[in-house]
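Report on the following structure.
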Amino acid sequence: MRIRDVVIDVWSWLNYKPVMANPRRPGGPLAELAATWVPDEDLRRLSAYKLLAGYDQGQAGQLAAASTGDDTALERRELGDASKLIDTALGYLLGAEQTIIVPGAEHADDDEPPAGAAEAADAQERLRLWAEKELLGLRMQQTERSAVRCGDAVCTLAWEPSKERALLRSYNPGFYFPEWPEDGEMDAAEYPRRVHFAWELPEDQEKGLKARVRRITYELGPIGAATKPGATQDGIPRREWIYGTDGDPVLIVGDKVNADPGTISRTYPWAPGNRLGSPATSPTRNGFSTISRAATPSTPFPRTGPRSGSAPTAKRSNTST
């Protein structure tokens, strides 16, 4: 037998599985991954996640039956060994407990504490209070268990003004779609300038909702002024600038206009001197803007996006387009 195609990648060890050969096969067990909006280069990754989740949940026999048509695979006894291995590895990884420690905080109560010890102790106390509010221990278990099972994990840390703290959220890595440069010239330690979180929402006939894709896009770009929900003339939701009575754009608290035309600097809430302060050293001119929208699952995500300086606005929408 002649081998026609050889795929060598991080998921090659799963090539013996029939579903990895053609994830877009109609009617296959992973057919939902073959939606037209899913980029081709992500299909093998998502298929591997599904297979590994099947082992974890004791459903490898069901996947085998669905992919080969052999119903006898349904009779396989699965005793949860894969799940036990994952939980054991997770326990060794995280240990019995996790504690936030700021270097120098342990000397704050000394008779002659060194410089910066009091500030370190204060930062440590505030970080531990934040960790308690954000259920950091549980979030770490959720994220690291995904890393042990799939080899990947995704979490976000974003400032929430209404709660006056950063919110920590863990996502299924199958919802994560980064955009890498077409030329491939990006250091492995660098973060992609544009990433998508996306998942498909099923059709709801009772509510009259068709199947659609929920997408949240984070893009690194220039900081802009405050925006509000709006819409184009044809009803497509978008974000619009907020202008004051003097006709100038309204800035978010902590922002200021620079001498350079059209640039804004932002002092984050955790910067030194702020009431909520934590260790930042200087204002920044760039930040992540968010584009959030739902769309019908018809076209794949663009694999190249605007570079820094081309998307100064943040747009949100929850309607189908």
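Figure the gain on full extension for Tyr16 and Leu85 (residue separation times 0.36 nm, minus the Cα-Cα span) and round it to one decimal in nm. Result: 22.7 nm gained on full extension. Stretching Gln142 away from Asp246 to a fully extended chain increases their span by 32.6 nm, per 0.36 nm per residue minus the current alpha-carbon distance. At what distance in angstrom do the alpha carbon centres of segment 73-123 and segment 204-237 lie from each other? Going from one Cα centre to the other spans 38 Å. The GluC sites (Glu not before Pro) found in segment 195-264 that occupy coil by DSSP, while having at most 13 further C-beta atoms within 10 Å, are Glu203, Glu206. For segment 208-254, the fraction of 1.4 Å probe accessible surface lying on carbon and sulfur atoms is 55 percent.
Are there any trypsin sites (Lys or Arg not before Pro) in segment 65-119 that are in a DSSP loop and have at most 11 other Cβ atoms within 10 Å? List them by number.
Here the trypsin sites (Lys or Arg not before Pro) that fit, given the DSSP loop and packing criteria, are Arg77.
With the convex hull drawn around the C-alpha atoms of segment 98-156, the volume per residue stands at 91 Å³.
Spin-label pair Val7-Glu182: with each label point 7 Å from Cα along the Cα-Cβ axis, the two points sit 2.4 nm from one another.
The values are calculated or read from the model by the stated rules, or taken from the named source; none is laboratory data. Computed from a prediction, not measured in an experiment: that's the story for all the values here. Counting neighbours? That spans all protein chains shown, and the Cβs are built from the backbone with ideal geometry, glycine included. Keep in mind that these areas ignore ligands, DNA and RNA; they rest on the heavy atoms of the full protein, side chains included. Shrake-Rupley method; radii C 1.70, N 1.55, O 1.52, S 1.80 Å.
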